[in-house]
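The values are calculated or read from the model by the stated rules, or taken from the named source; none is laboratory data. On a predicted model such as this, the values are computed, not experimentally measured, just so you know. Glycine gets a Cβ as well: all are built from the backbone with ideal geometry, and neighbour counts include every protein chain shown.
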Amino acid sequence: MLHRRILGQPIIVQMIWAVLLVAFVLALAEGRWSLAFVSAATFGLSILPVVASRRFGIRLPVRFFAWIVVFVFGTIFLGEAFDFYTRYWWWDVILHAGSAVGFGLAGFLFVFMLFEGDRYAAPAWAVAFISFCFALSIGTLWEIFEFAMDQIFGLNMQKSGLIDTMWDLIVDTLGASIGAIAGLSYLKGQELGGLTAAIREFVAANRRFFRKRR
């Protein structure tokens, strides 16, 4: 059942959900509607992977799901509602780097799934390159989204404009490279810290998508 999957999540995830719930209730009581909306939106986005994985029959390893929840919490709740982007110059850098690495791993797993886990269906460098392009494309689309929000609604998501955008893209490139290299290392049977371990964990949890794994 869905509620059992939610209650069975790691303690850090449940703590984040508890903080969001408390913030939502207090914001409603104090009439802080924007904070209430951000709290509810953050909770909704953080729980979405549970719903999506159940819908598509994908099993998300604990570290994958915990990373997603922490990222959403840091980006929307802390970053926007509590203005961490302005308070701490390194906040945006860390989140962009982390998301790029994550999207690099996601891109690799997506491509690897298309080949049904056959590591010999394409050269390892080609799969890694596609993973890199996937991650960088997501980062670029996000920058376009920030630009559109600033132009249409008068927000300040780009902060310092062109400089902020370029540094974000540079960090995205570095993070995407790390994610792609992790995929390449996995295909070659090499270790790259916890990244290759995360890939193995996902593949092991979703063997039906990797039937040709050898």
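Find the residue count for segment 114-138, including only residues that are modelled with pLDDT under 85 and not hydroxyl-bearing (Ser, Thr, Tyr). I'd like the intermediate steps shown before the answer.
Our first condition is that a residue be modelled with pLDDT under 85; within segment 114-138, this holds for 114-122.
Restricting the remaining residues to those that are not hydroxyl-bearing (Ser, Thr, Tyr) gives 114-119, 121-122.
Total meeting the criteria: 8.
For residues in segment 1-44 being outside any helix (DSSP H, G or I) and either under 19 Å from the mean Cα position of the chain (by Cα) or aromatic (Phe, Trp, Tyr) (or both), which is modelled with the lowest pLDDT?
Looking only at segment 1-44, we keep the residues that are outside any helix (DSSP H, G or I), and these are 1, 8-10, 31-32.
Checking the rest, the ones that are also either under 19 Å from the mean Cα position of the chain (by Cα) or aromatic (Phe, Trp, Tyr) (or both) come to 9-10.
Values: 9: 73, 10: 80.
Restricting to residues being outside any helix (DSSP H, G or I) and either under 19 Å from the mean Cα position of the chain (by Cα) or aromatic (Phe, Trp, Tyr) (or both), the top hit is 9.
Looking only at helices (runs of 4 or more DSSP H) that fall completely inside segment 81-156, which ones have 2 or more residues that are in contact with a helix residue (DSSP H, G or I) (Cβ under 8 Å, 6 or more places away or on another chain) and of a type in the set (Ser, Thr, Tyr)?
Values: elements: 84-87, 89-114, 124-153.
Where helices (runs of 4 or more DSSP H) fall fully within segment 81-156 and carry at least 2 residues being in contact with a helix residue (DSSP H, G or I) (Cβ under 8 Å, 6 or more places away or on another chain) and of a type in the set (Ser, Thr, Tyr), they are 124-153.
Test residue 122 against the stated conditions and say whether it is over 18 Å from the mean Cα position of the chain (by Cα) and surrounded by fewer than 15 Cβ atoms within 10 Å (Cβ to Cβ). If you could, list the steps in order and put the result at the bottom.
On the way: over 18 Å from the mean Cα position of the chain (by Cα): yes; surrounded by fewer than 15 Cβ atoms within 10 Å (Cβ to Cβ): no.
Taking the combined requirement at face value, the residue does not satisfy it.
Among what's in segment 125-138 and is of a type in the set (A, V, I, L, M) and under 18 Å from residue 165 (Cβ atoms), pick the residue that is surrounded by the fewest Cβ atoms within 10 Å (Cβ to Cβ). Show your work before the answer.
In the first step, residues of segment 125-138 are kept if they are of a type in the set (A, V, I, L, M); the result is 126-128, 130, 135-136, 138.
From what's left, under 18 Å from residue 165 (Cβ atoms): 135-136, 138.
Working: 135: 28, 136: 22, 138: 18.
Looking at the filtered set, the residue picked out is 138.
So which residues in segment 163-199 are within 18 Å of the chain's Cα centre (by Cα) and of a type in the set (D, E, K, R), if there are any at all?
If the condition is that a residue be within 18 Å of the chain's Cα centre (by Cα) and of a type in the set (D, E, K, R), then 168, 172 are the ones that fit.
Among the residues of segment 160-214, count how many are touching a residue at least 40 places away in the same chain (Cβ under 8 Å), surrounded by 12 or more Cβ atoms within 10 Å (Cβ to Cβ) and part of a helix (DSSP H, G or I).
27
Only one of 95, 20 is closer than 25 Å to residue 161 by Cα and in contact with a Phe, Trp or Tyr (Cβ under 9 Å, 6 or more places away or on another chain). Can you tell me which? Quick ask: steps written out before the conclusion?
Details: 20 fails: closer than 25 Å to residue 161 by Cα.
It is 95.
May I ask you to list the residues in segment 80-108 that are farther than 21 Å from residue 132 by Cα, buried (at least 16 other Cβ atoms within 10 Å of the Cβ) and at pLDDT 85 or above? Spell out the reasoning first.
Applying the first criterion (farther than 21 Å from residue 132 by Cα) to segment 80-108 yields 80-91.
Checking the rest, the ones that are also buried (at least 16 other Cβ atoms within 10 Å of the Cβ) come to 80-81, 84-85, 91.
Those that are farther than 21 Å from residue 132 by Cα, buried (at least 16 other Cβ atoms within 10 Å of the Cβ) and at pLDDT 85 or above: 84, 91.
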